1. Tell me the net charge near ILE81. Cut-off is 13 Å between Cβ atoms, ILE81 excluded, with +1 for each Lys or Arg and -1 for each Asp or Glu.
2. Of the cross-linked pairs LYS151/LYS233; LYS108/LYS197; LYS119/LYS151; LYS108/LYS233; LYS108/LYS151; LYS197/LYS335, which ones have a Cα-Cα span greater than 32 Å in the structure shown?
3. Measuring from centroid to centroid over Cα atoms, what is the spacing of the stretch 289-329 and the stretch 243-277 in Å?
4. Within 12 Å, Cβ to Cβ, of ILE126, how many net charges do the neighbouring residues add up to if Lys/Arg are +1 and Asp/Glu are -1?
5. Can you run phi through the Karplus equation (6.51, -1.76, 1.60; θ = phi - 60°) for the stretch 124-136 and list ³J(HN,Hα) in whole Hz, with x for Gly and Pro?
6. With 10 angstrom as the radius, rank MET60, MET315 by how many other C-beta atoms surround their C-beta, starting from the fewest.
7. Please list the radius of gyration and Dmax for the stretch 42-153, considering alpha-carbon atoms only, with Å as the unit.
8. Given 5 Å bins starting at zero, what is the percent of C-alpha pairs of the stretch 79-134 in each, up to the one with the largest pair distance?
Amino acid sequence: MEQRSKNLIKNGITLFVVFFFTWVMYKNLGDFETLFETISNAHPLFFILTVGLGISNFYMYSWIAQSSYRIISEGTKYPKIFLNTIVYHFLSVSNPLGAAGSSAYLVKYLVDRGLSHIKAVFGVLITNLSTNLAFIFILIYTLYNLNLADKLERYQWYASFIALALNLGILAIIVLFVALPRFSGKIAKWVTGVINKVTRKIIKKDSISERTLDDYIQEARSLSARFDLSIYKFIKSLPISLCYHGVNMLILYLSFQTFAVPVEVTQIVTLYGLITLFTIVAPTPQGVGVVEGLAHTVAISVGVSSSGALLAILMFRLAVIWFPAIIGLFIFRHKDSALSNSKEGVPVGSV
């Protein structure tokens, strides 16, 4: 009952945020006649190409993920990783915690492949770190371009600081537990001791046992033994992550071409930088509502027509968020159905 109440509160906050930014887009729009005219002139070929590229770019993301997992464990194979990546994306859209909540799905997938829990968590962290660090280069250009045009807002600085802090936090965790296993082991034992003291009073037992903690520390030490090689492999993955963002920028450009809206390369990079930034830091799953409203406002400020910018941004979000999420929903339902049948003794294939 308590968990249900928390979910209702989170969903209520999400709906309020979406409603607020929908109202912002409505206020920014104004000219609905131009909007309908722009929709009627949409190019179907560009529409199909944009959606197709949005879905296929998940192949590159799954490639980045697989490279990250192999940094942790070279000998493990990861079958159907593309399909599992799509399901992960669907869960990141559909649950109140966004990508943070859906990461549990990928951790379970990796554990089922034979990785320990700590290795699985590190694999997911490294994937996020690779794509986010590559994005930092785009974000720096975005902030520079907005500052040069005297259009950089204070909230954009704050959001950028939060995104940078998140990435530095992930990096610090990885370095602490892998590069300095003895030091991090002492910290982990101290933190675990504090947590266990609290949980003993509340639930009358330890939250994390000494044996489990020792296993985690031992795993960290095994990762530390190949730290130099892992860093080299991680650096090699960054150009792939940069290409992933490059394809997404191409999708954004094609979204504008779908509605024949003139746009410059600098405007595309700036818009993509802010769209991705607010997808990372927004309080709603995948920035639903927040991204659309803020990106529309920014597009107008950098000189893109209001109606064209709104349609192009919505087209981009359909291509990279909603259509892949719908596919992920069907894969997830098929997987659940297959699991149920297998429990009943019916041999079926799994995703």
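Any read-out appearing in this document is the output of simple, stated calculations on the displayed coordinates, not a laboratory observation. Please read all numbers here as calculations on a predicted model, not as lab measurements. Every residue, glycine among them, receives a Cβ derived from its backbone with ideal geometry; neighbour counts consider all protein chains shown.
1. Taking every other residue near ILE81 into account, the sum is +3.
2. Pairs exceeding 32 Å: LYS151/LYS233; LYS119/LYS151; LYS108/LYS151; LYS197/LYS335.
3. Each part reduced to its Cα centre gives a spacing of 10 Å.
4. Result for the neighbourhood of ILE126: +3.
5. Using θ = phi - 60°, the values come out as 5, 4, 5, 4, 5, 5, 4, 5, 6, 5, 4, 5, 3 Hz.
6. MET60, MET315
7. For the stretch 42-153, the Cα radius of gyration and maximum Cα-Cα distance read 17.2, 52 Å.
8. In order of increasing distance, the bins hold 4, 20, 27, 29, 17, 3 percent.
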